[in-house]
Amino acid sequence: MKFYYSPGVCSLASHIVLREAAMPFAPMRVDLRTHTFNNGADDYYALNPRGYVPLLELADGQLLSEGPLIMQYVGDQVPEKGIVPAWGSMERYRLIERLAFISSELHKNFGPLFDPRMPQDVKAIYHERICDRFGWLEQQLNRRDYMMGAKFSVADAYLFVVCNWGKIVGVDLTAFENLQSLLGRIATRPSVQEALQVEGLV
Ligand SMILES: N[C@@H](CCC(=O)N[C@@H](CS)C(=O)NCC(=O)O)C(=O)O
């Protein structure tokens, strides 16, 4: 398997999950400024015309895109690890609910804050929206060790990555105590530390 990623962006969540699963894979670093990989030798658009990461290339050559799907695919390969609930269970729908929340309400609202073309007053609207969503999440995390309850799941890997962006674009999450405790727990996982190391982020 080949895993296409770029340091620190949303692909880091799938990277963490691959390491949680202890599945063998070749990390393929993509330069998102030039949309090339293999040190500029190969055109990433030829592989993924949408140009974004993450992308997982399976042993038979099939390509899987979209982080929430990749994380669930990887989790399903190692059911004994328990990082995704079983298909058909109510818990699985709860996981998908959380992944959709992180993707559409957090991840995609952070995007404009990274865009230098975005006017400051528009950025302020996204900033407010993100803080509002984190306020709701903070209440949800009351008496929960992880996003899904007592156990780590792929949703925690995704949340961890999105929260890290707050430090880069000036979204201060320190007042959210439940969230901070959760992030602290996630950060201690070997999978997280390994992925951060490989991506050159520590
Ligand atoms: N819907 C995609 C979005 C992935 C995405 O937004 N990737 C960003 C990094 S966080 C990216 O690669 N951007 C570079 C580009 O679009 O050229 C997913 O959830 O996997």
Scanning the stretch 64-95 for residues that are basic (K, R) and without any contact (Cβ under 8 Å) to a residue 40 or more places away in the chain gives R92
Kindly indicate whether A46 is out of contact with any helix residue (DSSP H, G or I) (no Cβ under 6 Å at 6 or more places or on another chain) and either assigned by TED's automatic domain parsing to the domain that holds H107 or not in a helix (DSSP H, G or I) (or both). no
Within the stretch 161-185, restricting to residues that are in contact with a helix residue (DSSP H, G or I) (Cβ under 6 Å, 6 or more places away or on another chain) and touching a residue at least 40 places away in the same chain (Cβ under 8 Å), the one that is surrounded by the most Cβ atoms within 10 Å (Cβ to Cβ) is V161
For L113, the lone unmet condition from (1) aliphatic (A, V, I, L, M); (2) within 16 Å of the chain's Cα centre (by Cα); (3) surrounded by 18 or more Cβ atoms within 10 Å (Cβ to Cβ) is (2)
D156 vs (1) buried (at least 20 other Cβ atoms within 10 Å of the Cβ); (2) touching a residue at least 60 places away in the same chain (Cβ under 8 Å): all pass except (2)
R98 vs (1) under 18 Å from the mean Cα position of the chain (by Cα); (2) surrounded by fewer than 19 Cβ atoms within 10 Å (Cβ to Cβ): all pass except (2)
Could you check, for the stretch 4-16, whether at least one of its residues is near the ligand (Cβ under 9 Å from one of its atoms), farther than 18 Å from E194 by Cα, part of a loop (DSSP other than H, G, I, E, B) and not small (G, A, S)?
-> no
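The values are calculated or read from the model by the stated rules, or taken from the named source; none is laboratory data. This structure is a prediction, so every number in the text was calculated from the model and none was measured. Virtual Cβ from ideal backbone geometry, glycine too; neighbours counted across all protein chains shown.
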